[in-house]
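All remarks here apply to the structure that follows.
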Amino acid sequence: MKRPIRDTGELPRRLTRRALVLGGLQAGFAGVLALRMRHLQVTQADTFRLLAEENRINIRLIPPARGLIYDRAGRILAENEQNYRIVLVREDAGDPEKALARLTRLVPLDAGTVERALKEIQRHSPFIPVTVADRLHWEDVARVAVNAPILPGIAPEVGLSRLYPMGQDFAHVVGYVGPVSDYDLSRLEDPDPLLQIPRFQIGKTGVESKREHRLRGKAGTRRIEVNAVGRVIRELDRIDGQPGADLQLTVDAGLQNFMQARLGEESAAAVVMDLERGDLLGIASAPSFDPNKFVRGISVADYKALTETPYRPLSNKAVQGAYPPGSTFKMITALAALEDGLIDPEETVYCPGHMEVGGRRFHCWRRGGHGHVNLLQSLEQSCDVYYYELAQRVGIEKITAMARKFGLGERHDVPLSAVVSGLTPNKAWKRENRGAEWVVGDTLNASIGQGYVLASPLQLAVMSARIATGRALTPRLVKSVDGIEQPHDPGAPLDVDPANLAQIRAAMGAVVNNRRGTAFRARVVAEGLELAGKTGTSQVRNITAAERAAGVVNNEDLPWERRDHALFVAFAPLEAPRIAVSVVVEHGGGGSTVAAPIARDITLRALYGDLPPMSAYPERQRWQVEQDLRKLPLRRFDTAPSSGRSRA
């Protein structure tokens, strides 16, 4: 059917409108495309040029410089040294085995190094740089840099590594760093991304470990352009991180060196504490080790030598060792009796050489006994029977309470590894831990620092400091952080009668300065620097009745591990105390013959600030002491100490 003529007239008009609409849409779309192309080609041309030809932009962490550690005078104890190394990025290197094979043609790498690198490469994400070798010579690094075009994914870098210039002197105090292990990561709920960097070093022991977060710092970042074969083209930008905080410790490097040298090859420990602020001036444990070996990667032979000796050089005996304090504990028993009004200082107790209690004989160290002794004489001559008598009057609960008041049985808050709390037992402790009731014999043994009582050299130094000052001094090891002085606790006055403390101090003075004193040979004759102290000899074996009847075997005739421990605690000067000292020599024998002379030398070195003059020693001993001190392997501190970095 034909359409009406009027309809055919409208057709050209309809087609014209459609064409205009479609044309407009097409023109708009073309305009949008043109604008987008202009944006891509002009505005973002630089960005896309970098991505062309398979180029990539990588973001990598920049490890911060680890904080430095100084002694109280500003001498460096832990610093950072430049470390040339070679890293490999698996994502850019392709086949790691082939890449390492090419590298070994330029840099001598042993099979163990290559194997370790391959394991680390597989353990980490492909874009993380893995350290293949470090501590390289500049010539090796230069060869790698020159041949970079044929070594995709491999690049030389300059980093920082830890160095301990004082070596063995501060191994137990400062500690050492080492690569992050899986065990380290497992202990952290939200580990720092820095720890994911292969071979990143963190503190493992000592202050390095306990102040890790302050010393580590915060990472920086850098954006780098890498081409298709993994070669770094250029660094686009860098945001530096924040270096770790510098720590200044309270210890004195000169005194610490003397203490380590004086302890020598003994299995021993010594602590020196300042009586004004509680600063730890020296914390020595012998024998020691070189912490730099752990940073660089200790050999199997060296590690085996450290772990298989009975002298335990890796253990910080000053804070980790817990020993029966022996007769150094007698001041605690005496104070418990004095405070409770159960003994008068002039009251005497008769010592025939033993005491019968509950059908058991408790012996005094002196087989023939001491006769009648009062408080001062009991400490001066270290009479055991006197303290057996006090123990029965006072009881274990009051003795333990007094011990804790003087810092025993307390874990002191110092940033060192595995600080022990020692043991000051009571009736409840024995029921809970031994499943038995406390008996009177336990109290007698505890009264002379035997039985269950245990204390560390640090705790014994704190005890001596509190006796000397009458204040609850606490030990402090960190003096300042980034130049900001750290708070110290001056110590509140102890809840102990000052008159009773004066009696104990006078008796400790008699131990060293009276002819009948057990430490008379270790006295100081320099006027105004007189020493006050107490000897201790703690048994590590039971002496049978048969052995006593036949004659007790001398320590020197016993195997080393069955000999008595030798102890000595002291403060000086007697009239105006400035420092407290403790010395423990494992299986050393007698406290008066072994530990006391060491403590005297350390005390004089601390008081004089240098090697003591021979005039401080008794005249008959001067020649021998001078010969002994000359043989000590002491460091020379000729250069002026550094002041360190301050952000205060």
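The values are calculated or read from the model by the stated rules, or taken from the named source; none is laboratory data. Computed from a predicted model, the values in this text were never measured in an experiment. FYI the Cβ positions are ideal-geometry reconstructions off the backbone, even for glycines, and counts take in every protein chain you see.
Screening segment 331-430 for strands (runs of 3 or more DSSP E) wholly inside it with 2 or more residues that are over 30 Å from N316 (Cα atoms) and modelled with pLDDT under 95 returns the ranges 354-357, 360-363.
Among residues of segment 331-355 that are not assigned by TED's automatic domain parsing to the domain that holds D497, none has a Cβ under 8 angstrom from a residue that is in a helix (DSSP H, G or I) and of a type outside the set (S, T, Y) at a sequence gap of 6+ or on a separate chain. Residue count for segment 246-276 under the criterion of being in contact with a Phe, Trp or Tyr (Cβ under 9 Å, 6 or more places away or on another chain) and hydroxyl-bearing (S, T, Y): the result is 1.
Scanning segment 504-522 for residues that are out of contact with any Gly (no Cβ under 7 Å at 6 or more places or on another chain) and either among the hydrophobic types (A, V, I, L, M, F, W, C) or outside the structural domain of T535 (by TED's automatic domain parsing) (or both) returns I504, A506, A507, F520, A522. Residues in segment 431-462 that are of a type outside the set (D, E), over 30 Å from the mean Cα position of the chain (by Cα), surrounded by fewer than 24 Cβ atoms within 10 Å (Cβ to Cβ) and outside any helix (DSSP H, G or I): G435, A436, W438, V439.
Take A418 and tell me if it is surrounded by fewer than 17 Cβ atoms within 10 Å (Cβ to Cβ) and under 31 Å from the mean Cα position of the chain (by Cα). It is true that A418 is surrounded by fewer than 17 Cβ atoms within 10 Å (Cβ to Cβ) and under 31 Å from the mean Cα position of the chain (by Cα).
With within 34 Å of the chain's Cα centre (by Cα), closer than 30 Å to G264 by Cβ and among the aromatic types (F, W, Y) as the only criterion, which of Y84, Y183, Y164 stands out? Exactly one residue qualifies, and that residue is Y164. Does S538 meet the test of being assigned by TED's automatic domain parsing to the domain that holds A401, at pLDDT below 95 and under 33 Å from the mean Cα position of the chain (by Cα)? So S538 fits the description; yes. Pairs are defined by a Cβ separation below 9 Å, a sequence spacing of at least 6 or placement on different chains, a first member in segment 75-87 that is outside any strand (DSSP E or B), and a second member that is of a type in the set (D, E); the pairs so defined are R75/D252. Of the candidates T113, T205, T104, T131, the single residue that is among the hydroxyl-bearing types (S, T, Y) and under 29 Å from P287 (Cα atoms) is T205. Of the residues examined, V319 is one that is over 14 Å from S447 (Cα atoms) and either touching a residue at least 60 places away in the same chain (Cβ under 8 Å) or surrounded by 17 or more Cβ atoms within 10 Å (Cβ to Cβ) (or both). For the condition among the hydroxyl-bearing types (S, T, Y) and touching a residue at least 12 places away in the same chain (Cβ under 8 Å), T328 qualifies.
Among the residues of this structure, L215 counts as one that is outside the structural domain of V481 (by TED's automatic domain parsing) and either out of contact with any Leu (no Cβ under 9 Å at 6 or more places or on another chain) or within 26 Å of E157 (Cβ to Cβ) (or both). On the stretch given as segment 546-572, residues that are modelled with pLDDT of 70 or more, of a type in the set (D, E) and either outside the structural domain of V511 (by TED's automatic domain parsing) or exposed (fewer than 13 other Cβ atoms within 10 Å of the Cβ) (or both) total 3. Return yes when T309 is under 25 Å from S582 (Cβ atoms), out of contact with any strand residue (DSSP E or B) (no Cβ under 7 Å at 6 or more places or on another chain) and outside the structural domain of A403 (by TED's automatic domain parsing) and no when it is not. So T309 fits the description; yes.
Within segment 183-220, the set of residues being crowded, with 21+ Cβ neighbours inside 10 Å and over 28 Å from Q122 (Cα atoms) comprises T205, G206, V207, E208, R211, L215.
Once segment 307-316 is narrowed to residues that are part of a loop (DSSP other than H, G, I, E, B) and not hydrophobic (A, V, I, L, M, F, W, C), the residue that is surrounded by the most Cβ atoms within 10 Å (Cβ to Cβ) is N316. Meeting the requirement of 2 or more residues that are in contact (Cβ under 8 Å) with a residue 12 or more places away in the chain, the helices (runs of 4 or more DSSP H) wholly within segment 109-192 are 111-123, 138-146.
So, R515, is that one assigned to a helix (DSSP H, G or I) and basic (K, R) or not? Taking the combined requirement at face value, the residue does not satisfy it. Filtered by the rule that a residue be of a type in the set (G, A, S) and either in contact with a His (Cβ under 7 Å, 6 or more places away or on another chain) or over 27 Å from I62 (Cβ atoms) (or both), segment 90-127 gives A101, A111, G112.
Exactly one residue out of V173, V130, V180, V144 is surrounded by 17 or more Cβ atoms within 10 Å (Cβ to Cβ), modelled with pLDDT of 85 or more and either under 23 Å from L61 (Cβ atoms) or touching a strand residue (DSSP E or B) at 6+ places or on another chain (Cβ under 8 Å) (or both): that is V173. Total residues in segment 379-435 satisfying the condition of being over 20 Å from V462 (Cβ atoms) and free of Cβ contacts under 8 Å to residues at least 12 places away in the same chain: the figure is 6.
When A580, A640, A648, A596 are checked against the criterion of being at pLDDT 95 or above and closer than 30 Å to A245 by Cβ, A580 stands alone in meeting it. Any chance segment 59-80 includes a residue that's among the polar types (S, T, N, Q) and closer than 26 Å to R234 by Cα? There is no residue in segment 59-80 that is among the polar types (S, T, N, Q) and closer than 26 Å to R234 by Cα.
Restricting to segment 250-265, what's the tally of residues that are buried (at least 21 other Cβ atoms within 10 Å of the Cβ) and either of a type in the set (D, E) or closer than 17 Å to P573 by Cα (or both)? Total meeting the criteria: 1. Out of all the residues in segment 385-396, is one or more within 40 Å of the chain's Cα centre (by Cα), among the acidic types (D, E) and in the same structural domain as A336 (by TED's automatic domain parsing)? Within segment 385-396 (the criterion being within 40 Å of the chain's Cα centre (by Cα), among the acidic types (D, E) and in the same structural domain as A336 (by TED's automatic domain parsing)), the answer is no, since none of the residues qualifies.
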